[in-house]
1. Which whole-Hz couplings ³J(HN,Hα) result when phi for each residue of segment 52-62 is put into the Karplus expression 6.51 cos²θ - 1.76 cosθ + 1.60, θ = phi - 60°, listed in order with x for Gly and Pro?
2. Summing Lys, Arg as +1 and Asp, Glu as -1, what charge do residues with Cβ under 14 Å from the Cβ of Glu27 carry, Glu27 excluded?
3. Please give the FRET efficiency for Thr67 paired with Lys12, using the beta carbon to beta carbon distance and R0 = 22 Å, rounded to the nearest 0.05.
4. Kirkwood hydrodynamic radius, the chain, all distinct C-alpha pairs: what's the number in Å?
5. So how do Glu16, Glu45, Glu23 line up by other beta-carbon neighbours within 10 Å, fewest first?
6. List the residues, sorted by chain then number, that are 5 or more residues from Val62 or on another chain and whose placed amide H is less than 5 Å from its amide H.
7. For a quick check: with amide H placed at 1.01 Å from N, whose amide H comes under 5 Å from Phe17's, ignoring anything fewer than 5 positions away on the same chain?
8. How high is the relative contact order of the chain, in percent, counting Cα pairs under 8 Å that sit 6 or more residues apart?
Amino acid sequence: MKVLLFAGLKQKVGREFIDIPVEQSLEVSALRENIEEIAPTLNGEVYMVAVNENFVRADYQVQKEDTVALIPPVSGG
């Protein structure tokens with residue numbers, strides 16, 4: 001599964017995406033754990049998870065063919 005990174009998250013990891021090996025669906029909470037094992041620089045970072053361009057909750061089931069993006073908080077005026 002390809003997980004897209006944006007803004008400061010992309011800078012912290014040093015690349016635009018992370019590949020997560022998955023065989024079946026998993027909850028967003030488990031996906032976050034996998035992401036932070038592969039990219040430990042994201043531990044403690046605040047970000048929302050979007051699946052197929054929609055923000056989802058921690059209990060949402062992500063399918064291996066879904067498009068996942070990590071979106072950091074946005075501020076400005």
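Quick note: the coordinates plus some simple rules give every number you see, no bench work behind them. These numbers come from a predicted model, not from an experiment. Reconstructed Cβ throughout: ideal geometry from the backbone, glycine too, with neighbour counts over all protein chains shown.
1. Each residue of segment 52-62 in turn: 6, 6, 10, 5, 10, 8, 4, 8, 5, 8, 8 Hz.
2. Working: positive: Arg32, Arg57, Lys64; negative: Glu33, Asp59, Asp66.
Summing Lys/Arg as +1 and Asp/Glu as -1 gives 0.
3. On the way: r = 21 Å, r/R0 = 0.94.
That gives a FRET efficiency of 0.60.
4. Numbers: mean 1/r = 0.0798 Å⁻¹.
12.5 Å is the Kirkwood radius here.
5. Details: Glu16 11, Glu45 16, Glu23 6.
So the ranking, lowest neighbour count to highest, is Glu23, Glu16, Glu45.
6. Leu26, Glu27, Val28
7. Answer set, sorted by chain and number: Leu5.
8. On the way: 123 pairs, mean separation 31.4, N = 77.
So the answer I get is 41 percent.
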